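The values are calculated or read from the model by the stated rules, or taken from the named source; none is laboratory data. All figures in this text were calculated on a predicted structure; none of them were measured in a lab. Please note: Cβ atoms are built from the backbone with ideal geometry, for glycine as well, and neighbour counts cover all protein chains shown. Areas reflect the complete protein model, heavy atoms only, side chains present, ligands, DNA and RNA absent. Shrake-Rupley method; radii C 1.70, N 1.55, O 1.52, S 1.80 Å.
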Amino acid sequence: MRFFRRAFFSRLGWLVAGGVPAARAATSEAVSLPADQAATGPADEAEVIRADYDLIVVGGGISGTSAAISAARNGLRVALVHERSMLGGNSSSEVKLFPENNGGNQPWIREGGIHEEFHTEERVRNHLAYVEGTMNCHWDLVLYEWVMREKGIRLYLNTHMHRVLMRDESHIRAVHCIQLGTEKTFELSAPLFLDATGDGVLAHRAKADVRWGRESRSEYGEALAPEEADERVMGNTLFFRALDTGRPVPFKRPEWAAELPTEADLTRRGHSFIDGGYWWIEVGAPHHPITDNEEIRHEALRQLLGVWDHIKNKGDHGAENYGLEFVGFWPYKRESRRVIGDFVLTQAHVQDPTPLDDTVAYGCWGIDIHTQGGILTRNVEPYPPPRTDENWETLGTAVYGIPLRALYSRKIQNLMMAGRPISCSYVAFASSRVLSTGSIVGQAVGVAAALCRRHETTPRDVARRHAKECQQIILRQDGHIPGVENEDPADLARQAQVTASSEWPLVWPEPNDERELTTPHAQLFPVSGDRIDSVKLLLESKLDRAVTLDVGLRAAPHVWDFRSTRDLATARTTIDAGQCGWVTVPLKARVEQTRLYYVHVSGQPGIFWKLFKEVDGEPNRCPPATCPATLPGERRWRPLTGGYSLCLDVAPQSKPFDPGNVIRGTNRPDRWSNVWISDPAQRLPAWIALQWPAPQSFNTIHVTFDTDANRRVTLPLFRYPDCVRDYRVECWSNGAWKTLVEARDNYVRRRVHRFDTVQSERVRLTILATNGAPSARVYEMRVYLE
């Protein structure tokens, strides 16, 4: 590491006489301050503890924690500085905003990697549902444990970064911190710094270029921006937690609390769920979210107690036996400074994205702009929901890439960002600001920081010269980047032939619901062959007359991408009055093999398309790489998320779940299904095998199982039924199968197994049992000699 720091500092012109010794990493020494700087009090108050790292992450929310873990796993010595007593930031039990994944916004896109690890482990341990306002200690403990596992991380909790020490106007040298409780003062130095504070505090104190408030409409050509720039931002929220005690619990409103006597005082603010509080107890303008933080906390508390008084004492809300167990005192912040990088995400990018060479993460939350003032403007709805029929055309987004160029400061050459402070306009920020997006951005930035060390260079240079390498590391560590596939030359599996005991063809589940065709509908699906002769739609007419439906076939580049307007085939079909059953639509279309397509059907009120909706806690029955959608406006299709399939049959039958998918290079549905699924009609065990023309030497195998990237799961003490539980990894040796790994009681998506080096031309993975599903599901296998 001495070589890295010396060369890195030298290249950037940082190394000066008398600086922090380059070889000191995660070590510390006490240095007395000069007499004129010493504080009155105990002797240790006059000491500064200095420590030197490869990367200093300021902010231990979900983005900063993910970044620190990612950087440590890739070889860096990391200081994680967090001013609170627990990790998680807004997601911690101190605030209780749960990190809602993007599975409710687009299909097959739930965040993976380190965020997947947090979520899966927390659900297995937690006895409570995963609901906003109810986050408890289990989430805090998982984050803390994951940090403690990484020997390369030094965690500084209760530590406030209050001063930035600059080497020159474009490089940070160190941060000065005070730790509450211990009364210790630290000066922490590193060649790289990461602002994950949410408020952009580190960037602000380093005098980086930052933005506050809303840009004018003309600056980036954003239709949702105001005509004139201003400094308006969204507000901050306090949550409460309430419990049903089984007997009446009285509540008397404090005289200083707000009064909300009628339902009209809570316009469009649903409050039927009593247990966990509400995001809309939000206080914003005219208060400043930083300088007025104390005033906001007090005002939000006034409003919270007024809401609780309304629930308890103003009408029948079924709350007679409920009592308050928790009231937040640390506001959940939505918005603050945004640090400007070499790339600025804008409205066009999040709504109509194009590929970017340095994409390292993604987002797809709707453009979620809250009403100015929050609950102080209680007669106005708190925000326009992006996914409604009325708003989707203007506020809906697509799956968009977040480039590395938006994750470092354009002015401060050794400063990166994760979470809320990334480089984006106000409108784009309204989508990118959410917790789960921050987590995967954090993982990506941690990898980029490691590449700065590996190549002795800056974040800007990594984006320019090493973006592909960064992407490949993220994929190898279970991250997902839409459209980017495994090209790792060290992965021996990519050269193998793959066979399996069986495979599942594309079969649609029987319906348990239906949707009226009040607007055009579509169903996307994978096609393994080179033609589509016809499709069958399961329809029911509740009309007393015959009607015609127009049907078209279009190509889809991604499982969520319905932007194509070019029909490959069209047809018109008649639905008789009262007809119910399968309707065959001839298409006779020649298509490309192993590609995605969608059938779209014109709107016709009174006609119902039968569908299947997933049942919480049960194995996934919606075929991977399928997605239904509606067209509520003129051009922007809205995917139906949460586990839906419109009933469809394709002729000839497609076979998109073959064993070769495990080496296609993507660990979830994207441009293809990318998963092997064994035939559920053939009971487990099932096997999948890799075979090479000649023996290979290897000692590491990566396996990625299925934990359902298609929907949100909030159930307590939950294990994904489709995830493989018991399995065996073997190699062919001396005419017999030799066991390398025997695993039991697995519930996690990605497993990496290391063993003594072997030489073999065949590897077999045998699935003995799942956590409840009848089929084996494997997304990816990788093989390495490390």
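Between Glu122, Glu145, which is open to solvent by less than 10 Å² (accessible area, probe 1.4 Å), assigned to a helix (DSSP H, G or I), in the same structural domain as Val58 (by the TED database) and out of contact with any strand residue (DSSP E or B) (no Cβ under 8 Å at 6 or more places or on another chain)? First the steps, then the outcome.
On the way: Glu145 fails: open to solvent by less than 10 Å² (accessible area, probe 1.4 Å).
Only one candidate passes the filter, namely Glu122.
In the range 747-777, which residue that is among the hydrophobic types (A, V, I, L, M, F, W, C) and in a strand (DSSP E or B) is farthest from the chain's Cα centre (by Cα)? So that I can check it myself, show each step before the final result.
Initially, the range 747-777 is screened for residues among the hydrophobic types (A, V, I, L, M, F, W, C), giving 748, 752, 755, 758, 763, 765, 767-769, 773, 776.
After this cut, where a residue has to be in a strand (DSSP E or B) as well, the list is 752, 755, 758, 763, 765, 767-769.
Numbers: Val752: 22, Phe755: 32, Val758: 37, Val763: 33, Leu765: 29, Ile767: 29, Leu768: 31, Ala769: 29 Å.
Only one residue fits best here, namely Val758.
Pairing each residue of the range 232-246 that is more than 12 Å from Gly133 (Cα to Cα) with any residue that is buried (at least 16 other Cβ atoms within 10 Å of the Cβ) and among the β-branched types (Val, Ile, Thr), provided the two are 6+ apart or on different chains, yields C-beta distances under 8 Å for Met234/Ile369; Gly235/Val283; Gly235/Ile296; Asn236/Val283; Asn236/Ile296.
Just one of the numbered conditions (1) within 18 Å of Glu325 (Cβ to Cβ); (2) open to solvent by 20 Å² or more (accessible area, probe 1.4 Å); (3) touching a Phe, Trp or Tyr at 6+ places or on another chain (Cβ under 7 Å) is not true of Arg297; which one? Going through (1) within 18 Å of Glu325 (Cβ to Cβ); (2) open to solvent by 20 Å² or more (accessible area, probe 1.4 Å); (3) touching a Phe, Trp or Tyr at 6+ places or on another chain (Cβ under 7 Å) one by one, Arg297 breaks only (1).
Residues that are of a type in the set (Phe, Trp, Tyr), open to solvent by 50 Å² or more (accessible area, probe 1.4 Å) and touching a residue at least 12 places away in the same chain (Cβ under 8 Å) are absent from the range 301-310 altogether.
Does Thr700 satisfy the criteria of being open to solvent by less than 10 Å² (accessible area, probe 1.4 Å), at pLDDT 95 or above, assigned to a strand (DSSP E or B) and not aliphatic (A, V, I, L, M)?
yes
Of the residues making up the range 125-142, those that are open to solvent by less than 10 Å² (accessible area, probe 1.4 Å), in a helix (DSSP H, G or I) and under 22 Å from Gly277 (Cα atoms) number 1.
Scanning the range 386-409 for residues that are under 22 Å from the mean Cα position of the chain (by Cα) and within 19 Å of Glu222 (Cα to Cα) returns Pro386, Trp392, Leu395, Gly396, Thr397, Ala398, Val399, Tyr400, Gly401, Ile402, Ala406. Within the range 577-591, residues that are open to solvent by less than 50 Å² (accessible area, probe 1.4 Å) have Cβ atoms under 9 Å from residues that are assigned to a strand (DSSP E or B) and aromatic (Phe, Trp, Tyr) in these pairs: Ala589/Tyr597; Val591/Tyr597, counting only partners at least 6 apart in sequence or on another chain. Scanning the range 413-433 for any residue that is in contact (Cβ under 8 Å) with a residue 60 or more places away in the chain, in a helix (DSSP H, G or I) and open to solvent by 10 Å² or more (accessible area, probe 1.4 Å) turns up nothing.
On the stretch given as the range 384-396, residues that are farther than 18 Å from Thr518 by Cβ, open to solvent by less than 50 Å² (accessible area, probe 1.4 Å) and touching a residue at least 60 places away in the same chain (Cβ under 8 Å) total 1. Residues that are part of a helix (DSSP H, G or I), buried (at least 22 other Cβ atoms within 10 Å of the Cβ), modelled with pLDDT under 90 and out of contact with any Lys or Arg (no Cβ under 6 Å at 6 or more places or on another chain) do not occur anywhere in the range 40-47.
Looking only at the range 473-528, residues that are outside any loop (DSSP other than H, G, I, E, B), under 30 Å from Arg590 (Cα atoms) and of a type in the set (A, V, I, L, M, F, W, C) come to 7 in all.
If you filter the range 153-171 down to residues that are in contact with a Lys or Arg (Cβ under 9 Å, 6 or more places away or on another chain) and over 16 Å from Leu87 (Cβ atoms), you find that the one that is surrounded by the fewest Cβ atoms within 10 Å (Cβ to Cβ) is Glu169.
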